[in-house]
1. Considering each residue of segment B:152-171, count those that are free of Cβ contacts under 8 Å to residues at least 60 places away in the same chain, assigned to a helix (DSSP H, G or I) and surrounded by 24 or more Cβ atoms within 10 Å (Cβ to Cβ), and give that number.
2. If you check B:Gln267 against the conditions, is it closer than 23 Å to A:Glu281 by Cβ and not acidic (Asp, Glu)?
3. Name the one entry in B:Leu264, B:Leu217, B:Leu228 that is in contact (Cβ under 8 Å) with a residue 40 or more places away in the chain and over 17 Å from B:Ala92 (Cα atoms).
4. Scan segment A:1-15 and report the pairs whose first residue is farther than 11 Å from A:Val95 by Cα and whose second residue is of a type in the set (Asp, Glu) and open to solvent by 20 Å² or more (accessible area, probe 1.4 Å), with Cβ atoms within less than 8 Å and a gap of 6+ or a chain change.
5. Every residue in segment A:175-184 that is in contact (Cβ under 8 Å) with a residue 12 or more places away in the chain and hydrophobic (A, V, I, L, M, F, W, C), please.
6. Against the condition open to solvent by 40 Å² or more (accessible area, probe 1.4 Å), part of a loop (DSSP other than H, G, I, E, B) and closer than 23 Å to B:Leu86 by Cα, how does B:Gly15 come out, does it pass?
7. Is at least one residue of segment A:114-123 in contact with a helix residue (DSSP H, G or I) (Cβ under 8 Å, 6 or more places away or on another chain) and hydroxyl-bearing (Ser, Thr, Tyr)?
8. Can you name the residue in segment B:117-139 that is buried (at least 24 other Cβ atoms within 10 Å of the Cβ) and of a type in the set (A, V, I, L, M, F, W, C) and, of all such residues, is nearest to the other protein chains (Cβ to nearest Cβ)?
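The values are calculated or read from the model by the stated rules, or taken from the named source; none is laboratory data. Computed from a prediction, not measured in an experiment: that's the story for all the values here. Quick reminder, even Gly has a Cβ in these numbers, built from the backbone with ideal geometry, and neighbours come from all protein chains shown. For accessibility, only protein heavy atoms count, side chains too; no ligands or nucleic acids. Shrake-Rupley method; radii C 1.70, N 1.55, O 1.52, S 1.80 Å.
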2 protein chains.
Amino acid sequence: MNDPKPWLTLARVPGLHAGHLAGAGRDPLAWLEESDGALAQQGFGAAAISALRHPDPRALDSDEAWLAEPGHSLVTWGSADYPPLLAAIPDAPLVLFVDGSAAALSLPQLAMVGSRNPTQLGRETAEQFARHLAGAGLAITSGLALGIDAASHRGALQGGGWTVAVLGCGLDTVYPREHAALAQAVAAHGALVSDLPMGTPPLKHHFPRRNRIISGLSVGTLVVEAALQSGSLITARLAAEQGREVFAIPGSIHNPMARGCHRLIRQGAKLVETADDVFAELGALLRGLRAGMGSEAPDAQGVSGHVLDKDYEILLDALGFAPASIDSLVARTGFAADAVASMLLILELDGRVAQQPGGLFCRRLAGK
Amino acid sequence: MNDPKPWLTLARVPGLHAGHLAGAGRDPLAWLEESDGALAQQGFGAAAISALRHPDPRALDSDEAWLAEPGHSLVTWGSADYPPLLAAIPDAPLVLFVDGSAAALSLPQLAMVGSRNPTQLGRETAEQFARHLAGAGLAITSGLALGIDAASHRGALQGGGWTVAVLGCGLDTVYPREHAALAQAVAAHGALVSDLPMGTPPLKHHFPRRNRIISGLSVGTLVVEAALQSGSLITARLAAEQGREVFAIPGSIHNPMARGCHRLIRQGAKLVETADDVFAELGALLRGLRAGMGSEAPDAQGVSGHVLDKDYEILLDALGFAPASIDSLVARTGFAADAVASMLLILELDGRVAQQPGGLFCRRLAGK
């Protein structure tokens, strides 16, 4: 990319987000050229104007030093790799610091969140759901926290799938520390993400902000186990406000960690008992979101109706009848990896494609 | 009552119910006077006409002999003691054989049903809910079956409340046999009921028919634990079709006995975690049903609005500030027992009255 400094400057203006652009297509970098008066008219306070005018050079240096390391990148508002679902939320971040695959952020993904103190069974349930869903091609997004978050990332990794962790601190900090090894594995099979620049500590008020990114990246949010006071209920509320689906797993009325899920179900969240229940809902959902978002993956309307969109035909032809990896399909078709992954998922939901162990995909005969 | 024979004859016409009357206020006994042609025009088949013309005298004798025993009675369509909620269903029975208190059938009641093979925790949950709800003045109606049914009746008895058991056989048979003692206790603190005459065995196809009475007597049906194939789901479906509320208790996704409840919740049943959740829903429900049914208990609209209906004022005056039983309140006010019970329940839901151990009621100070 070009010089990241202007974007890193924007990243350090407290509270600034794409919602302040007030108009589609506006370039956030234009703020850097505007007069104080023009900025004030757009609602910039004195502190924000000062942050924009006089960025701390040492702070920007630390961000740049981090970005210079292998695997690290910056995804900026309006760029081709900015995740389309996240761009649709009203307070989308202007920049995302990424450790791992920036393309993973644009994969169809499900947020899985829940208690930091789940029951043993809740932890296993999260792992099983994530393993199954990630193995079937859905990326699993969570917050790297103790408990359900970690179990969800781990399950996705076990399933040989993609996983994304959104942090409430700068990516030069791993929080919680116990998850340093898990964070490395997530970066290697997906991405660690934050909109917070280097040196930002994991303060309590960063977490609702982090949660909006978790739900905003995802077609839906699944709450596995949560007490009534759990932060997961905030993520679920944000998902609902963002027009995304909310799923909750019920539990025994004698399990306090099921209370939050039961409240969500009463409020309209979809009750799910199995990973397949999630898939059953997601088929239509992915198509709807994709149609509305202008994602690279073609609209699959035609797939259900058994009239294949041309790109799907190309992909199925490339797939042939021997199992193939996403990488080899990318090479054969020239499509982007995330478009291939999306299309494979939709074909899988339609029963045209099956995933095999080792992340290989194969065609299924129609009607089977 | 007058000669029961004509009613007992109607009770033995297979499949006949109040829905066949085709017109409010029509007297079912009029069928006995009509010509074969007139009956055929109303849809009576040859077998039904024959059953009407030539009742088996020995069968009628056995019904009459049963009715002559202490505590036994016949409640007939259109009579003052026919339960108003049951009269509102489209296929209401023409007669009810009752062992115990016929007035108990008109009490505000909740159906509690579920698996014959529940988990130990499910059984305890049913007992706890029934104890709490019955102790607070709501009669508990169920089917005397093994498992959740029996636990619900037992809980109601432990709570010192009323309970009603509807059987899928004639009341000269106790089914299942293991529940002979429980049946006696139910008759002593509520009623055993059936629309089937003496000598009718507990055949499988009687149970959906029995279930419609369970749901029809009740303002709502609570399913405690049920597998996907459970007959309790039939009762829940009937309740919904009858315009009554359906409640279901969620459970662990690893408990197969929670599957039926989860399906109901997905279909719109209210998820309840505590007996108080049921009460929270029932306040409005009881008022609505009562207003629509023309029950003897006055509409409580005014109670919520703190403008007391005159009958409620009389009852509260009669109650004074020393605890009193329903019997003594009946004596003091001259109201019917079921009207007093209904009004006390509504006053309790409004926080004006509290129930004490031993089935005594006392006033609460306003605003407490």
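1. Qualifying residue count, segment B:152-171: 3.
2. Details: closer than 23 Å to A:Glu281 by Cβ: yes; not acidic (Asp, Glu): yes.
In short, yes.
3. Working: B:Leu217 fails: over 17 Å from B:Ala92 (Cα atoms); B:Leu228 fails: in contact (Cβ under 8 Å) with a residue 40 or more places away in the chain.
When all the criteria are applied, what remains is B:Leu264.
4. Pairs found: A:Lys5/A:Glu64.
5. Passing the criteria: A:Leu182, A:Ala183.
6. On the way: open to solvent by 40 Å² or more (accessible area, probe 1.4 Å): yes; part of a loop (DSSP other than H, G, I, E, B): yes; closer than 23 Å to B:Leu86 by Cα: yes.
So B:Gly15 passes the test.
7. Yes, segment A:114-123 contains at least one residue that is in contact with a helix residue (DSSP H, G or I) (Cβ under 8 Å, 6 or more places away or on another chain) and hydroxyl-bearing (Ser, Thr, Tyr).
8. B:Phe129
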